[in-house]
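K.L.:
Sharing a structure here in structure tokens format.
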Amino acid sequence: MRFGDPRVMALASALCCSLFAVTGITNKGLRAQMSALLGTPYTMNQASYDLARLKPNGVLARVPRRNLYILTPDGLSFAIFFTKVHDRVLRPLFLGQRPAASSS
């Protein structure tokens, strides 16, 4: 997972959503959350790919006999860390590198 990639950062933010902590993560729910965060359509194939990619890394665990995933404790730590570092460290650094707007 590439740190700073808009899709990865939106995925980390979506995993931090408290609704997912209570109800679990479904493909449909993830698509709705990601579309809102990205501002662009997020397809079923993209959601399936991301869910399948997170499961072997220990971020998600699949509920047996259901199309439902739960966030593991390691997954919650990952999501919170990625989101906080991006929002509190990287975004201010990148904003500081932009040239000042000229007043004409």
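K.L.:
Here's a check for you: in region 59-103, which residue that is open to solvent by less than 30 Å² (accessible area, probe 1.4 Å) and small (Gly, Ala, Ser) is modelled with the highest pLDDT?
P.N.:
GLY75
K.L.:
Would you mention how many residues in region 18-31 are crowded, with 18+ Cβ neighbours inside 10 Å and among the hydrophobic types (A, V, I, L, M, F, W, C)?
P.N.:
Total satisfying the criteria: 3.
K.L.:
Here's another thing I want to ask about it. Here is a check on your reading of the model: is THR40 surrounded by 12 or more Cβ atoms within 10 Å (Cβ to Cβ) and among the polar types (S, T, N, Q)?
P.N.:
Working: surrounded by 12 or more Cβ atoms within 10 Å (Cβ to Cβ): no; among the polar types (S, T, N, Q): yes.
Judged against the criteria, THR40 is not a match.
The values are calculated or read from the model by the stated rules, or taken from the named source; none is laboratory data. Worth saying up front: this structure is predicted, and the values here are computed from it rather than measured. Positions of Cβ are backbone-derived with ideal geometry, glycine not excepted, and every protein chain shown enters the neighbour counts. Side chains are part of the model used for accessible areas, which takes the heavy atoms of the whole protein and leaves out ligands, DNA and RNA. Shrake-Rupley method; radii C 1.70, N 1.55, O 1.52, S 1.80 Å.
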